[in-house]
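Below is one structure, written out as structure tokens, with a few remarks after it.
The values are calculated or read from the model by the stated rules, or taken from the named source; none is laboratory data. None of the values given here were measured: they were computed from a predicted structure. Counting neighbours? That spans all protein chains shown, and the Cβs are built from the backbone with ideal geometry, glycine included. Ligands, DNA and RNA are stripped out before the accessible areas are found, and what is left, the full protein with its side chains, is counted by its heavy atoms. Shrake-Rupley method; radii C 1.70, N 1.55, O 1.52, S 1.80 Å.
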Amino acid sequence: TDIAARWGGEEFLILCPETPRAGAESVAEKIRSAIASYDFGLAESITASLGVTAYAGGEDPQSFIKRVDDAVYHAKAAGRNTVTNA
């Protein structure tokens, strides 16, 4: 039931409608760790900054996306290669 999609540029969304927040955080951490440890054959390392949030009942889609987008930018500001939640 999970859906992965390119949101734009270097941003992707993974929607996990059957997964509680703690499970989504675990999925995000596994993705972050896999990217950070993978040998892409480049001189520089590749990392990912991920944001996690849970849908609040009755919330409009724009508010939901804004909260997760804010979490991603918080992860980047916190030094990158991390998972934060909103």
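Applying the criterion of being out of contact with any Ser or Thr (no Cβ under 6 Å at 6 or more places or on another chain) and either open to solvent by less than 80 Å² (accessible area, probe 1.4 Å) or hydroxyl-bearing (Ser, Thr, Tyr) (or both) to the residues of the stretch 59-69, the residue that is farthest from residue 86 (Cα to Cα) is 60.
When the stretch 40-58 is filtered for residues that are open to solvent by 80 Å² or more (accessible area, probe 1.4 Å), more than 20 Å from residue 17 (Cα to Cα) and in contact with a helix residue (DSSP H, G or I) (Cβ under 8 Å, 6 or more places away or on another chain), only 45 remains. Screening the candidates 32, 6 for the property of being basic (Lys, Arg) and surrounded by fewer than 14 Cβ atoms within 10 Å (Cβ to Cβ) yields one hit, 6. Residue pairs whose Cβ atoms lie under 7 Å apart, separated by 6 or more positions or on different chains, with the first residue in the stretch 29-45 and in contact (Cβ under 8 Å) with a residue 24 or more places away in the chain and the second open to solvent by less than 70 Å² (accessible area, probe 1.4 Å), are 29/83; 32/48; 32/50; 32/81; 32/83; 36/47; 36/81.
Within the stretch 23-82, the set of residues being on the phi > 0 side of the Ramachandran plot and either at pLDDT 95 or above or not in a loop (DSSP other than H, G, I, E, B) (or both) comprises 41, 81. For residue 21, the criteria (1) under 19 Å from residue 82 (Cα atoms); (2) exposed (fewer than 10 other Cβ atoms within 10 Å of the Cβ) hold in every case but one, which is (2).
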